[in-house]
Amino acid sequence: MKAFIAYYRVSTQKQGIDGYGMAAQREIVTRYVASQGGKLAAEYSEVETGKNDERPELAKALSTSKKNKATLVIAKLDRLSRNAAFLLTLQNAGCDFVCCDCPNADRFTVGILALVAQRERELISERTKAGMAIAKARGARIGSQNPEASVKAMIAGAKQAKTAFASKMAGVVAEIKSSGVETLQGIAECLNRRGYPTRTGKQWFPATVRNLLPLL
């Protein structure tokens, strides 16, 4: 039986504490490993920002994979594909790896992605600096004069958006439940089959359904 070592990453502390981002990645990986008839030998996870190139848990995952001749498995390469350091580490690790959302990726393709990622980060930085310079030259004040109020407004806006989306989905979920589907997995599958995306336009998983239900 082929052994797999899982690596999960989320970019915010809230995702790490709540576990929704981790849970979704774990479910994707578990499904993939099962489809390959393999076993999940170990799991590593960490909460890191995209700009942080230090990944101690990734280093452990790669070391374990190499030592045990296991395959490193990642749920979604697109979450990490703009981080050049991560991609180069993956390329030079000397062990097999697979990405559930991009199973054909190999050392050659991630090397190309690493170059693109590095250039994209440089361009973003250059555009940001140029935009701020133009704004300052025109007399604009950079930054919020009342950051606490801005944060409160952002939180309120996010809550309002969640409530509005829950109101929109309430009837659909109620209909699914009335047909006898009660499990989170079952509800997620029904929503996906009917073509309803999540509030952020993604596919439904039990974790995202669980997150929605208290708002209905």
List every residue pair whose Cβ atoms lie under 8 Å apart, where the two residues are 6 or more positions apart in sequence or sit on different chains, the first residue falls within segment 4-28 and is farther than 17 Å from ARG55 by Cα and at pLDDT 70 or above, and the second residue, located anywhere, is open to solvent by 30 Å² or more (accessible area, probe 1.4 Å) and aliphatic (A, V, I, L, M).
-> PHE4/LEU40; PHE4/ALA41
Of the residues in segment 197-206, those that are under 13 Å from THR183 (Cβ atoms) and either assigned to a helix (DSSP H, G or I) or free of Cβ contacts under 8 Å to residues at least 60 places away in the same chain (or both) number 2
Could you please give the count of residues in segment 169-183 that are more than 21 Å from GLU27 (Cα to Cα) and open to solvent by 30 Å² or more (accessible area, probe 1.4 Å)?
-> 8
Could you tell me which of the residues ASN211, ASN192 is within 18 Å of ALA23 (Cβ to Cβ), outside any loop (DSSP other than H, G, I, E, B) and either touching a residue at least 40 places away in the same chain (Cβ under 8 Å) or of a type in the set (Ser, Thr, Tyr) (or both)?
-> ASN211
Residue that is modelled with the highest pLDDT, among those in segment 122-168 that are surrounded by 11 or more Cβ atoms within 10 Å (Cβ to Cβ) and in contact with a helix residue (DSSP H, G or I) (Cβ under 7 Å, 6 or more places away or on another chain) = ALA166
Mind listing whichever residues of segment 91-109 are part of a helix (DSSP H, G or I) and modelled with pLDDT under 75?
-> ARG107, PHE108
Test for GLY186: is it at positive phi and surrounded by fewer than 17 Cβ atoms within 10 Å (Cβ to Cβ) = no
Log entry, pairs with first residue in segment 61-90 being in a strand (DSSP E or B), second being modelled with pLDDT under 75, beta carbons closer than 9 Å, six or more apart or on different chains, reads ILE74/LEU80
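The values are calculated or read from the model by the stated rules, or taken from the named source; none is laboratory data. It should be emphasised that the depicted structure is a prediction, and the values quoted were computed from it without experimental measurement. Cβ: placed from backbone, ideal geometry, glycine included. Neighbour counts: every protein chain shown. In case anyone asks, the SASA skips ligands and DNA or RNA and just uses the protein heavy atoms, side chains included. Shrake-Rupley method; radii C 1.70, N 1.55, O 1.52, S 1.80 Å.
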